[in-house]
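The values are calculated or read from the model by the stated rules, or taken from the named source; none is laboratory data. Since this is a predicted model, take the numbers as computed values, not measurements. We place every Cβ from the backbone using ideal geometry, glycine too, and count neighbours over all the protein chains shown. Quick note on the areas: whole protein, heavy atoms, side chains included, nothing else; ligands and nucleic acids left out. Shrake-Rupley method; radii C 1.70, N 1.55, O 1.52, S 1.80 Å.
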Amino acid sequence: MRAIGVDIGGTKLAIGSVGHSGQLRDFELTPLPTKHYDRLIAHITARIAELTDGSANRPAVGIAMAAWLSPDRGDVVSAVSLGWERRQLRQDLARSTGLHTVLHNDANAAAWGEYVLAGAPSEGAFVMLTLGTDVGGGVICDGRLITGASGLAGELGHLQVDSTGPACVCGRRGCLAVYASGKAILAGAVERGRAAGLDTSAWTGPDVAARANAGDTAVLTVIDDAARAIALACGQLACVIDPHTVVLGGGASAIGDVLLDAVRKAVARIEPIGPVHPRPHISLARAGNRAGVLGAAELAVQPQPGL
Ligand SMILES: [Zn+2]
């Protein structure tokens with residue numbers, strides 16, 4: 001066993017290990033047993049002890065979580081969904097497990113997981129967008145995860161695609177997340193369905209995916225709007241890092257090929273930048289809800305985990 005990955009979500013906890021083959025093993029996804037900080041640390045420590053019982057070596061531990069982290073990725077500055085503020089998570093878990101521990105934003109970790117599955121290309125820029133409740137992201141350049149001077153790198157959901165657009169939770173307007181998060185796509189589909197006289201009160205993400213795949217034109221319009229926003233964001237990314245690959249993950253990626261085709265068509269319409277037409281390869285994520293655990297585990301054994 002080389003490493004253990006732990007993905008702490010707002011309602012779920014995922015854990016697994018990575019051996020020398022690179023395969024994710026012992027994957028387990030359960031409801032989050034508690035939001036109480038000390039009790040959750042004790043629970044994770046016990047699970048790690050179970051996984052390492054009988055193991056000859058001492059694996060590293062990678063933690064992924066949806067939170068604002070300190071720039072050195074040692075502390076959780078704020079995890080709204082758990083009600084945590086200023087917690088020294090990396091230090092506390094390293095102390096309780098006695099194992100080398102790293103901490104990363106969950107979307108960054110998921111991006112690293114998808115990057116590993118894509119063969120970890122050592123050159124160029126690889127980007128992942130997680131289309132979940134919000135839009136997260138991760139940027140890997142020349143084999144290194146970019147985390148930024150203040151830990152903000154990869155917050156691609158807040159690339160502004162329309163300065164006059166709807167208000168975003170971040171305080172700005174017209175961010176990518178306002179159009180392309182799973183939450184935004186569901187809200188847009190519900191609004192259009194209601195306008196068409198449908199009972200939308202019980203619609204969920206899977207309903208929207210099913211409607212899109214059945215050719216519901218109202219839902220497809222919402223997906224086209226999301227795809228256009230993603231393409232505009234890709235155009236901006238091209239000016240900064242010119243990615244060769246953009247992977248779409250998160251809950252909304254379950255819409256599947258309908259979303260993929262819409263984004264590919266929208267990306268093909270990106271305005272040229274000078275004489276250059278940026279054309280990143282767009283693909284769907286492969287690891288699903290395992291990406292965060294895989295990426296966190298793999299980041300834990302990186303000699304230099306990020307910049
Ligand atoms: Zn925003």
Does the range 173-194 include one or more residues that are over 21 Å from A107 (Cα atoms), more than 16 Å from the ligand (Cβ to nearest atom) and open to solvent by less than 10 Å² (accessible area, probe 1.4 Å)? yes
Looking only at the range 87-141, which residues are under 18 Å from V76 (Cα atoms), part of a strand (DSSP E or B) and among the hydroxyl-bearing types (S, T, Y)? T101
Return yes or no: is R39 over 15 Å from I4 (Cα atoms) and either open to solvent by 10 Å² or more (accessible area, probe 1.4 Å) or part of a helix (DSSP H, G or I) (or both)? yes
Restricting attention to the range 1-32, the residues that are open to solvent by 30 Å² or more (accessible area, probe 1.4 Å) and over 22 Å from the mean Cα position of the chain (by Cα) number exactly 4
Does T204 fit the bill of being of a type in the set (S, T, N, Q), away from the ligand (no atom under 16 Å from the Cβ), free of Cβ contacts under 8 Å to residues at least 40 places away in the same chain and over 27 Å from V80 (Cβ atoms)? no
Consider G137 carefully, then state whether it is within 16 Å of the ligand (Cβ to nearest atom) and over 28 Å from S21 (Cβ atoms). yes
Is it the case that A153 is open to solvent by less than 20 Å² (accessible area, probe 1.4 Å), not in a strand (DSSP E or B) and not aromatic (F, W, Y)? no
Please indicate, with yes or no, whether at least one residue in the range 170-183 is over 21 Å from the mean Cα position of the chain (by Cα), in contact (Cβ under 8 Å) with a residue 24 or more places away in the chain, in the same structural domain as V246 (by TED's automatic domain parsing) and within 22 Å of G137 (Cα to Cα). no
Here are some residues: A254, A227, A233. Which one is of a type outside the set (S, T, N, Q), away from the ligand (no atom under 16 Å from the Cβ), open to solvent by less than 30 Å² (accessible area, probe 1.4 Å) and under 23 Å from the mean Cα position of the chain (by Cα)? A227
Taking the condition of being touching a residue at least 40 places away in the same chain (Cβ under 8 Å) and either within 12 Å of the ligand (Cβ to nearest atom) or closer than 16 Å to I241 by Cβ (or both), how many residues in the range 140-152 meet it? 7
Looking at S96, S163, S122 in this structure, which one is farther than 28 Å from A212 by Cβ and within 16 Å of the ligand (Cβ to nearest atom)? S163
